[in-house]
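The values are calculated or read from the model by the stated rules, or taken from the named source; none is laboratory data. None of the values given here were measured: they were computed from a predicted structure. Every residue, glycine among them, receives a Cβ derived from its backbone with ideal geometry; neighbour counts consider all protein chains shown.
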Amino acid sequence: MAMTLTVNGQQRSVDAPTDMPLLWVLRDILGMTGTKFGCGIAQCGACTVHVDGKSVRSCMLAIGAVRGRAITTIEGIAASPVGAKVQKAWLDLEVIQCGYCQSGQIMSAVALLASTPNPDDSDIDAAMAGNICRCGTYVRIRAAIKQAASGRQS
């Protein structure tokens, strides 16, 4: 079925079944490979994107449910001031090790800071709990979130 989705502020036409997961539309139809497939059951966070500013797992979200809503991916997150701060903090603190989970981590961190500009450790834990990093960069992730929240540079 042909439909129009708003992805990173642009109208994108896709021809796919309405029950197709958003992840596959982004990656396979639109060629936006920054959002990763991890577990396929919405438990690891690698596929995290924003829908109307909220973090969602795109591997389990049908495109029919996002029609008419604003979708933001890792490719578009730097367009927001919070997204740009988070990406800069990630680079400043060298958060990334293998990098596979990091687009989902960044998307969750941006959603946290957009709703809670000065999070404490429990806010960070709650917001990031569904994002798994097999390399164990959690300490650097927390530090980067705190740096982005404070606005300081390293």
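Here is the figure for the stretch 8-56: residues that are under 30 Å from GLY136 (Cα atoms) and either in contact (Cβ under 8 Å) with a residue 40 or more places away in the chain or surrounded by fewer than 20 Cβ atoms within 10 Å (Cβ to Cβ) (or both) total 32.
Among the residues that make up the stretch 2-15, is at least one of them at pLDDT 95 or above, outside the structural domain of SER115 (by TED's automatic domain parsing), part of a loop (DSSP other than H, G, I, E, B) and over 19 Å from GLY130 (Cα atoms)? The answer is yes, given that some residue of the stretch 2-15 is at pLDDT 95 or above, outside the structural domain of SER115 (by TED's automatic domain parsing), part of a loop (DSSP other than H, G, I, E, B) and over 19 Å from GLY130 (Cα atoms).
Table: residues versus (1) at pLDDT 95 or above; (2) over 12 Å from ALA144 (Cα atoms); (3) within 10 Å of the chain's Cα centre (by Cα); (4) in the same structural domain as ASP15 (by TED's automatic domain parsing).
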position	(1), (2), (3), (4)
LYS85	yes, no, no, no
TRP90	yes, no, no, no
ALA109	yes, no, yes, no
PRO117	yes, yes, no, no
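Selection of the stretch 83-119 for residues being without any contact (Cβ under 8 Å) to a residue 40 or more places away in the chain and assigned to a loop (DSSP other than H, G, I, E, B) yields CYS98, GLY99, THR116, PRO117, ASN118, PRO119. Checked against the criterion of being surrounded by 18 or more Cβ atoms within 10 Å (Cβ to Cβ), within 30 Å of ALA2 (Cβ to Cβ) and among the polar types (S, T, N, Q), the stretch 82-104 has at least one qualifying residue. Kindly check whether there is at least one residue in the stretch 87-97 that is of a type outside the set (S, T, N, Q) and closer than 16 Å to GLY34 by Cα. The answer is yes, given that some residue of the stretch 87-97 is of a type outside the set (S, T, N, Q) and closer than 16 Å to GLY34 by Cα.
Within the stretch 120-142, track down each residue that is part of a helix (DSSP H, G or I) and exposed (fewer than 14 other Cβ atoms within 10 Å of the Cβ). Selection gives ASP121, SER122, ASP125, ALA126, VAL139.
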